[in-house]
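Following: one structure in structure tokens, then a few remarks.
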Amino acid sequence: MANVISLNFEQQKAVTADPGPVLVLAGPGSGKTRVLTQRFTHLITQGIRPNVILAVTFTNRASEEMRERIQSQVDSHIVIRNVGTFHALCARILRNESDSSVVGKDFVIFDSADQRLLIKQAMVDHNVDDARYKLHKIHSTISTAKNDLVNADNFSRDSYYHEIVGRIYERYQYLLHQNNALDFDDLLMNVVSLLQTNPVLSSKYQDIYQRILVDEFQDTNLAQYQLLRLLSGSNRDLFVVGDPDQSIYRWRGADYRNVERFRADYLDTVVIQLNKNYRSTQIILDAATAVISKNHVVNRVKLYSDFHEGEKIVLHEAYDEEDESHYIVKTISDYVANNQLDPGECAVMYRTNAQSRSIEEAFVRAGMPYRLLGATRFYARREIKDLLAYMRVIYNQYDNVSLGRIINVPARGIGSKTLNKLFEYSDTLDMHPVGVILELTEQGLESQHCNAIGQRGSRALISFGLLLRDWIALFEKGEVVSDILDSVVNDIDYENYIENNRNFGADQWENVEELKRVFVGFEDRDFGEILEGIALIADVDTLDNDVAGEGVPVLMTLHAAKGLEFPVVFLVGLNDGVLPHHRSFDEPEEMAEERRLFYVGLTRAKSKIHLSYSFRRWTSGFDSSSIASRFISDIPLDLLLSKSDYIDKSNVNISSKFNMRVKSNVYNDKVYQIELQFQSGQRVIHDHFGSGIVVESKLLGSDEMVIIAFDNFGIKRLVASKANLTLEDD
DNA sequence: AGGCGGAGTGTTTTT
DNA sequence: CACTCCGCCT
Ligand SMILES: Nc1ncnc2c1ncn2[C@@H]1O[C@H](COP(=O)(O)OP(=O)(O)OP(=O)(O)O)[C@@H](O)[C@H]1O
């Protein structure tokens, strides 16, 4: 054993509990994760083979971290493998059991963008009006159904809306099947039904995974819970840890009542509560407790800590987002300059990914390095998706979504006409389009396919087919996957395409290089595993070991922060409407979840917390609330270094500070100032929309954007120089 | 076929 | 603000 990890009495009790259902219920920082990893190593010292122990987490980052922690505590000849996310576990099972399952071994996993395209397609197929039925909503309705283990056949169509969604759901599943693809939720649902209906497999997996450990149990959804029940089966050896107050994935089907369900389903559950916090100062703990106590739950465990009071929580009101970001960066650099801490000890957390932008800009301006977790995902970038789509088509010729994406990238004369013809024609033959392309390529222009598709289109398709045929040959020959990617990139001259495409900037080719490196890094895995790994990881940071963020502040969403801890935490953008998010205003359950999110944020901190919000915030649309988050007022005043305290100390009062900022804005505007042609209140005439009244007119780049309420066409936004507006004379 | 730009719309959070 | 869609032009 490398290093001895200390445990308190209750923790020890959990770690050494007898086989059987164990539920560790405890608040933040009480050592749940530590207990879980210790349980894993404890089982090994008890002589249990590591391969029959399974540890499940929700995120790849959590998995990787836990795997490393366990690995570091066992003899190095033991390799810890079975630590992973629910989704990765299910993907593995489905690939192994492709004979018994409804999907083939070479299925691909569709990410959210692919899923959307397919649902959109399903809506078109059913003539569903996409203005009335929002894609986003339908997508989430279907996803929720899947997380509740409701398949398309059982989907209750008890309202008109559900009738429509039911049809789309059914069609969507059909299309997924046609693409030989699964979405994230299918991974879980399919394994559950596989194990439910196949007793042989069910007992096989009970033998494989005899001891099961689950982290963040409060965030399991029904599918995941059922999966755990099936996997543990008659072993009944489930060791789960969680904290209902940290449940933040309700919108994804998570149901913290699974904690109660667990106790009800396993009456002999050993329940262990941990109430000592090893992370935060007393002030932080008191503040967090005050905030969460407004959510009513039965017997919440009261946490205590041996730590001293610590520093008060600093609350800062900034003028606008830019000012707020500047404040954050300045505060960090001051700490560093005074040798109070290392930049790597700081974390900045926010509600939405979009908020990272202005913070990043502030870091860049200050010339300070930082690390961003998650956010605009590497794999969601256009150039990366393009290349992955090529790879997916090579691997899975049924992947029409990917085919449609890249068949004309770079442009090779296959437009929407030809594409539609190809797809429709393939349908009539009951073939997959790639099959048709390959046959056409073999047979040349005399092919019957050519008659159906036309000369011009066929020529273009053949030129594509020739490339595709060669790549597929490489794949079938067992060529190293990263070399296939290289061939693709070279054959389509993607570098040239990027250079000549003005929508692409300087970084894109670097991203391609990065993708190549990722593939090289996956060297020992087969094609399917690589694509699967990428689909499920979807976050380059986890792969990027060499930039291991030592010494650099980290930026992340509150969701991504769960399970982590930092000496100094900045919770930013705390405006009412951002946190709590305005979309949760009228759902008490969702509001409670927003509060938990804030609670999670507060409890990440070991010693210092900075809260900030801004007086002025113009997010898209209209919800620019300048009010501080309602949750802030739930923190007792004596724990806060309130904004007036703070500002008094720096000898600046609010209004003079704001005036400064306002002035500098005016100065900036002057540089670009051009004359506005229109003013609100003026009546104007437009060629097409007729007459209307100007609501607002403002600068848009070097042009003027006019918002007009037309008498007969409602409110429109027009660009003055293009819209050919004339003033109506009176 | 394909590129461009204007108009419209709205995505919180993640596997 | 940033994305997608549609129509117009080449
Ligand atoms: N018995 C102990 N003695 C000293 N430190 C401990 C002990 N138990 C846990 N810790 C430390 O407390 C901190 C929090 O532990 P851990 O992350 O396991 O808590 P957690 O309950 O999983 O927290 P959260 O729910 O907030 O994710 C860690 O830094 C851990 O090393």
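At-a-glance table
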item: So A:Ser30, is it open to solvent by less than 20 Å² (accessible area, probe 1.4 Å) and of a type in the set (Gly, Ala, Ser); result: yes
item: Counted residues, region A:230-255 - those being farther than 26 Å from A:His42 by Cα and among the basic types (Lys, Arg); result: 2
item: Criterion: within 13 Å of the ligand (Cβ to nearest atom), without any contact (Cβ under 8 Å) to a residue 60 or more places away in the chain and in the same structural domain as A:Arg81 (by the TED database) - qualifying residue of A:Gln46, A:Gln12; result: A:Gln12
item: Selected residue [part of a helix (DSSP H, G or I) and β-branched (Val, Ile, Thr)] from A:Ile109, A:Ile80, A:Ile48, A:Ile70; result: A:Ile70
item: Count - residues of region A:40-64 that are surrounded by fewer than 16 Cβ atoms within 10 Å (Cβ to Cβ) and of a type in the set (S, T, N, Q); result: 3
item: Options A:Val191, A:Val128; residue that is under 25 Å from A:Leu228 (Cβ atoms) and among the β-branched types (Val, Ile, Thr); result: A:Val191
item: Region A:204-219, subset open to solvent by less than 60 Å² (accessible area, probe 1.4 Å) and free of Cβ contacts under 8 Å to residues at least 60 places away in the same chain, residue farthest from DNA strand B (Cβ to nearest atom); result: A:Gln206
item: Flag for A:Val336 being more than 16 Å from DNA strand C (Cβ to nearest atom), modelled with pLDDT of 95 or more, open to solvent by less than 50 Å² (accessible area, probe 1.4 Å) and not in a strand (DSSP E or B); result: no
item: From the options A:Val393, A:Val401, residue that is assigned to a helix (DSSP H, G or I), touching a Leu at 6+ places or on another chain (Cβ under 8 Å) and open to solvent by 10 Å² or more (accessible area, probe 1.4 Å); result: A:Val401
item: Out of A:Leu555, A:Leu602, A:Leu536, sole residue that is touching a Leu at 6+ places or on another chain (Cβ under 9 Å) and at pLDDT below 90; result: A:Leu536
item: Residues of region A:133-160 satisfying the condition of being of a type outside the set (S, T, N, Q), open to solvent by 50 Å² or more (accessible area, probe 1.4 Å) and more than 24 Å from the chain's Cα centre (by Cα); result: A:Asp153, A:Arg157, A:Asp158, A:Tyr160
item: Filter result (open to solvent by 10 Å² or more (accessible area, probe 1.4 Å) and in a helix (DSSP H, G or I)) within region A:597-619; result: A:Tyr599
item: Breaking point among (1) under 30 Å from A:Ala264 (Cβ atoms); (2) open to solvent by less than 10 Å² (accessible area, probe 1.4 Å); (3) in a helix (DSSP H, G or I), for A:Lys13; result: (2)
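Residue-by-condition table, conditions (1) within 14 Å of DNA strand B (Cβ to nearest atom); (2) over 13 Å from A:Val108 (Cβ atoms); (3) hydroxyl-bearing (Ser, Thr, Tyr):
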position: A:Phe378; (1), (2), (3): yes, yes, no
position: A:Tyr398; (1), (2), (3): no, no, yes
position: A:Arg405; (1), (2), (3): yes, no, no
position: A:Ile414; (1), (2), (3): yes, yes, no
position: A:Asn420; (1), (2), (3): yes, yes, no
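The values are calculated or read from the model by the stated rules, or taken from the named source; none is laboratory data. The model shown is predicted, which means the values in this text are computed figures rather than measured ones. So basically every Cβ, Gly included, is an ideal-geometry build from the backbone, and we count neighbours across all protein chains shown. Surface accessibility is based on the protein's heavy atoms, side chains included, excluding ligands, DNA and RNA. Shrake-Rupley method; radii C 1.70, N 1.55, O 1.52, S 1.80 Å.
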